[in-house]
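See below for the structure under consideration.
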Amino acid sequence: MIESQVRAEYDFDAQPGSGELSIKANEVLTVIRQGIDGGWMEGRNSKGELGLFPESYVTKISPTPAPASAPPSTAPPPLPATVTNLPSYSVPPGDIWDDFPVPSFPPPQKVQPHHQQSVPPPSQACTRYDDDFDDDWTDEDEEQEARASISIHEDVTQHPALLKQQQHSRSRSQSRATATSGGSRTDISTDDEGALQSHSSGAHTAPLRKSTIKDHTNLGVNQRAVSRSRSVGADQMASTGHRAGSGGAGSGAGGASRMKNINRFSNFVKTGMESYILAASRMTTPAHERHEIVDTSTGVEWTPIQQYYSCTVDNPKKESKLKGLKSFIAYSVTSSLNGIQVSRRYKHFDWLHEQLSQKYILIPIPPLPEKQVSGRYEEELIEHRKNILQLWVTKICRHPVLSKSDVWMHFITCTDEKRWKVGKRAAEKDEYVGGNFFHCLTVPEQPLDVTVVERKIDGFQKCVKCLDDSVKVMYDRIHETQKRMSGPYKANWQKLAAAFSGLGQSFEMDANQHNQQVTAALKETAHVYHKIGDQHDEQPKKDCEPLLDSLYAYKGLLSSMPDIVNVHRNALAKLRENERLSIEGKLNQSEADKIKQRVDVTSYAMIAEINHQNKERVDDFKRMMHAYLTEQAAFYRNISDQLSHLAEQFA
């Protein structure tokens, strides 16, 4: 048996209850697991104690093969008492949010996890906060809130059987486990239940659930696929007979029907973009949102924001429910528009992110913070999430479309739980999502040259690809610097401090008065060098971590661009097919012109978004680089001043 072992290069003191393992220089450790996020290893020392230690504090040594024939001379050390209650970092990689089943109340004592070893002990620093969707509503609640919402157009009272059936088969989000109802006013509901179907005349399409999208990942279905689009499905387009501006000509309808995409799992189809282009969408309500695209001297743009405003995410507060069985962090979100302060949990941000992604398919939505960050303590995790959430809301406020979105305004202004649920239902039943959102746009009448559009999008795509690679490299280098600042750099300065201290003690042994000045200066030098080492440990919180948060957000933004570009490329492919059918006489000219107009609407939206992203990119990197380099300059200037002062003492 070959054991992987490492040798400690520096001392490391574990914090109580954190799951860490204290190590001493030159100590040999047996590695159990390596490559843990955050630069950690899990291992065992010679006493049999298990825990985490920094990867940068150790070096690998040649493995020692154990004798194969003879048994060991001594029995292996006993397992520590806590081995039956492993901390969360000992769980194999994966989404540990899915390790818990749906608890059932009452009685509370039945709430038990599947894997007891996955539950961190109460004293452990990395406390889990449950962001589950946790409110269950009755049929009566559904009906009352459906009647109260002016934006809900389904006749719920005429179909109680369908309503009960949908409520009974309501699926939960696959991204996390669920819990039961209850909570305070700050715990506003965001359960992920199925939307009620439209019962207008003609066939209706069942909504594509989020779990269905996940089940088809092996078929290449993208996670940005819209689950609640009211766009008519592939099998209904020929039967509805409804197209915007259609003259009802049989040849035109037949030509458009033949243009349907064979791959019904493609993102182009699932988002409803195909149905919009072929005028197969059936809209039953007027649009509540209207957005305009204008052609200015600097290019095609969204209508500029008339009144800029900002939002702050602050005051993270730990709250609990169900008599302390469930704890979570609530953040205060305050808008400068009206000064209203609302309390939102992470799950509310997650719900909002899903709504925005589904509605605005050509607008990249910034990423939310990851659900769990390995190696972080409770306070660090909360602060990290708060910083990412602040970047997220700032991006929304700066976007000319997202900043005026109905669901966003509801998110930052609603303080009443009943009104929240009504608005939430209205957002989830919004018809103008995915491809249908383009019905809400007003664009210039000037037709677009497809060749010019393709050339502009190709240039943007190449830029995004290069930028994505560069940002990833930059992120890795800054992250490496962060680890070195807290590890080897700090240790090196403090080793130098010990060397200066030893030199000073040597001078102190000679009681000659002539040595006193040098002795005092050496002691001061040792003290300053040790302090500079501590400053290296603290500095990443001021420069590296903010930059990493910004780069993380930008990586997520860039990663969504290829899907957006591909959806629009499919729209241009439909246009070429439309031109071919028109030349062959299989599509009348009136229908062909209308399809061209609808593709132009999507192209105007794509170009406007490209121009917005290009402008934002310059502002974003100017801001983040200025903040990072300002902190770096201040840090090294402070070190320079301290060293200059030390030099004067030896003059």
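The values are calculated or read from the model by the stated rules, or taken from the named source; none is laboratory data. Here the structure is a predicted model, which means the values were calculated and not measured. Cβ placement follows ideal geometry from the backbone for every residue including glycine, while neighbour counts extend to all protein chains displayed. Surface areas here come from the heavy atoms of the whole protein model, side chains and all, with no ligands, DNA or RNA. Shrake-Rupley method; radii C 1.70, N 1.55, O 1.52, S 1.80 Å.
Details
- Over the stretch 535-602, the pair-distance histogram of Cα-Cα distances with 5 Å bins from zero comes to 4, 14, 15, 11, 9, 8, 7, 6, 6, 5, 5, 4, 3, 2, 1, 0 percent, rounded to whole numbers.
- Note on the stretch 378-465: Kirkwood radius taken over Cα pairs, Stokes-Einstein applied at 20 °C and 1.002 mPa s, translational D equal to 127 µm² s⁻¹.
- 3J(HN,Hα) couplings calculated from phi for the stretch 606-619 with the Karplus curve 6.51 cos²θ - 1.76 cosθ + 1.60 (θ = phi - 60°) are, in sequence order, 5, 5, 4, 5, 4, 5, 5, 5, 4, 5, 5, 4, 4, 5 Hz; Gly and Pro show x.
- With a simple spin-label model that places each label point 7 Å from the Cα along the Cα-to-Cβ direction, the separation between Ser470 and Leu629 comes to 1.4 nm.
- Projected over all directions and averaged, the alpha-carbon convex hull of the stretch 393-542 occupies 18.1 nm².
- Nonlocal amide H pairs with Lys326, under 5 Å, H built at 1.01 Å: Lys321
- When the alpha carbon coordinates of the stretch 275-359 are projected onto the principal axes, the ranges are 55, 34, 21 Å, largest first.
- Over 27 Å (Cα to Cα) - which of Lys495/Lys541; Lys318/Lys531; Lys317/Lys541; Lys465/Lys594; Lys465/Lys574; Lys404/Lys574 fall in this group: Lys318/Lys531; Lys465/Lys594; Lys404/Lys574
- Taking the C-alpha atoms of the stretch 285-332, convex hull volume expressed per residue in Å³: 180
- Computed 3J(HN,Hα) for the stretch 384-398, one whole-Hz value per residue from the Karplus formula 6.51 cos²θ - 1.76 cosθ + 1.60 where θ = phi - 60°, is 4, 4, 4, 5, 5, 5, 5, 4, 5, 5, 5, 4, 5, 5, 8, glycine and proline marked x.
- Gyration tensor (Cα) of the stretch 446-515, equivalent ellipsoid semi-axes in angstrom: 64, 11, 6
- The 3J(HN,Hα) values that the Karplus relation (6.51, -1.76, 1.60; θ = phi - 60°) gives for the stretch 421-432 are, in residue order, 5, 5, x, 5, 4, 4, 5, 6, 9, 4, 6, 8 Hz. Gly and Pro appear as x.
- Fraction of C-alpha pairs exceeding 20 angstrom in the stretch 499-583: 68 percent, rounded to a whole number.
- Residues of the stretch 308-455: accessible area per residue with a 1.4 Å probe, Å²: 37
- Convex hull volume per residue for the stretch 549-651, taking Cα atoms only, in Å³: 97
- Put simply, the stretch 1-49 fits an ellipsoid with semi-axes of 17, 14, 11 Å; these come from the alpha carbon gyration tensor as the roots of five times its eigenvalues, largest first.
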